[in-house]
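Notes to accompany the following structure.
Every number in this text was worked out from the coordinates using simple rules, so none of it is lab data. All values derive from a computational prediction rather than experimental measurement. Because the Cβ atoms are built from the backbone with ideal geometry, glycine has one as well, and the counts that use them run over all protein chains shown.
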Amino acid sequence: MRVAELSRRTGVSVASIKYYLREGLLPPGERTSPNQASYGDDHVRRLRLVRALIDVGGLSVVGTRDVLAAIDDD
């Protein structure tokens, strides 16, 4: 799916998704062309986790990045 579909499926704006990609909270999608990428169900799950950490957990982007790094290390 493209970023617009990822946005529709998660309720997260395209601008926020691009920000999370730049900040390393969301892994890059699979490149389909020089300026397009494809995203999968793993991205949907990760994006929902990011939003939960920020919205429910009250973490900053830096705090969220630290938690995700700890999760990814396991």
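Label point of Asp55 set 7 angstrom out along Cα-Cβ; within region 1-42, amide nitrogens under 17 Å from it belong to 5-21, 26.
Here the residues Arg46, Arg2, ranked from fewest to most Cβ neighbours within 10 Å of their Cβ, fall in the order Arg2, Arg46. The convex hull drawn around the Cα atoms of the chain, when projected onto a plane and averaged over every direction, covers 4.8 nm². For Ala37, the residues whose amide H sits under 5 Å from its own are Val3, Thr32, ignoring neighbours fewer than 5 places away on the same chain, with H placed 1.01 Å from N. Between Gln36 and Val67, the FRET efficiency estimated from the beta carbon spacing at R0 = 30 angstrom works out to 0.55. With a simple spin-label model that places each label point 7 Å from the Cα along the Cα-to-Cβ direction, the separation between Val44 and Asp74 comes to 2.3 nm.
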